[in-house]
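Below: the structure, in C-alpha cells.
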Amino acid sequence: MPSRVVAVHSSPMHGFSKRTRESITLLEGVGVEGDAHSGATVQHRSRVTADPSQPNLRQVHLMHEELFDALRESGHTVEPGDLGENITTRDIDLLALPVGTRLHLGDTVVTITGLRNPCQQINDFQPGLLKKLVRTDGEGRVIRLAGVMGIVSRGGRVVPGDTIDIELPREPHFPLTRV
C-alpha cells in the first residue's frame, strides 16, 4: 500500500486533542489554517513564554496510525486526533525519516523538522500513557514515539486518502531530534 493520510485534525483552541475534519488547509510558512499552533513564530505556550520571536518549527504535527494500534495492545484507547496531531498517517515510518525530509501530501509539502516532545498532558489524557510514548532504550537514549513536527513548504488542501510521497534531503542525513 502507498503511504497515505488517514485523517486530518485542527483546533482553534490551545487544548490537547484536535477535532477530526473533512479537510485542512496548509498555509505556506504558517501551518494549518485556523489551528492554534499555526504561525510563522512559535505558538506553543511554553515556547512563547521563553522567546516569542523564535521560528515555528512545529507548524504541523504528524502521527502514524500504527502507534495507536500498538497502544491498544497495551490497554490504551487512542484514536486519530486524540493526541493533538494535525495529520494521521498510515504505512510510513515517520520516526525513521531524517531532518529535512519533504513529505508530499497531495499537492502540499511538509518539511520535517524534528520529533514531538510529549509532555505531562498525555498522562492527564490517560494515566500511564506518557511511559508508552517516551522511553529509554538499553543504551540510555530517550526514544520519543509521539510523531514528528514540520513546517509547510507548499500550501494547499489535505484530505483523508491523499497519498504521501517521500523526498529525502541530500546526504548526509541527520536523525530527528526533539523540536
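The values are calculated or read from the model by the stated rules, or taken from the named source; none is laboratory data. Fair warning: this is a prediction, and the values are worked out from it, not measured in the lab. Every residue, glycine as well, gets a Cβ built from its backbone with ideal geometry; the counts of neighbours run over all protein chains shown. The accessibility values were calculated without ligands, DNA or RNA, using every heavy atom of the protein model including side chains. Shrake-Rupley method; radii C 1.70, N 1.55, O 1.52, S 1.80 Å.
Quickly run through the stretch 4-40 and pick out the residues that are in contact with a Lys or Arg (Cβ under 7 Å, 6 or more places away or on another chain) and either without any contact (Cβ under 8 Å) to a residue 40 or more places away in the chain or not hydrophobic (A, V, I, L, M, F, W, C) (or both). Matches in the stretch 4-40: R4, H9, S10, S11, H14, S23, T25, E28, H37. The residue that is nearest to T111 (Cα to Cα), counting only those in the stretch 31-55 that are among the hydroxyl-bearing types (S, T, Y) and open to solvent by 60 Å² or more (accessible area, probe 1.4 Å), is S53. Scanning for something open to solvent by less than 40 Å² (accessible area, probe 1.4 Å), of a type outside the set (A, V, I, L, M) and within 21 Å of H9 (Cβ to Cβ), does the stretch 125-138 turn up at least one residue? Within the stretch 125-138, one or more residues are open to solvent by less than 40 Å² (accessible area, probe 1.4 Å), of a type outside the set (A, V, I, L, M) and within 21 Å of H9 (Cβ to Cβ). Residues in the stretch 76-88 include none that are surrounded by fewer than 19 Cβ atoms within 10 Å (Cβ to Cβ), assigned to a loop (DSSP other than H, G, I, E, B) and among the small types (G, A, S). Of all residues in the stretch 129-164, those satisfying the criterion of being in a loop (DSSP other than H, G, I, E, B) and touching a helix residue (DSSP H, G or I) at 6+ places or on another chain (Cβ under 6 Å) are L129, L145, A146. For the stretch 142-164, the set of residues classified as surrounded by 14 or more Cβ atoms within 10 Å (Cβ to Cβ), over 16 Å from the mean Cα position of the chain (by Cα) and farther than 17 Å from S38 by Cβ consists of D162 only. Selection over the stretch 41-64 of residues that are part of a loop (DSSP other than H, G, I, E, B), among the aliphatic types (A, V, I, L, M) and free of Cβ contacts under 8 Å to residues at least 60 places away in the same chain gives a count of 1.
Only one of R47, R72, R21, R58 is under 22 Å from I166 (Cβ atoms) and either of a type in the set (D, E, K, R) or more than 16 Å from the chain's Cα centre (by Cα) (or both). Can you tell me which? Going through R47, R72, R21, R58 in turn, the sole match is R58. Taking A70 as the residue in question, decide whether it is of a type in the set (G, A, S) and either buried (at least 16 other Cβ atoms within 10 Å of the Cβ) or over 26 Å from L168 (Cβ atoms) (or both). So A70 fails the test.
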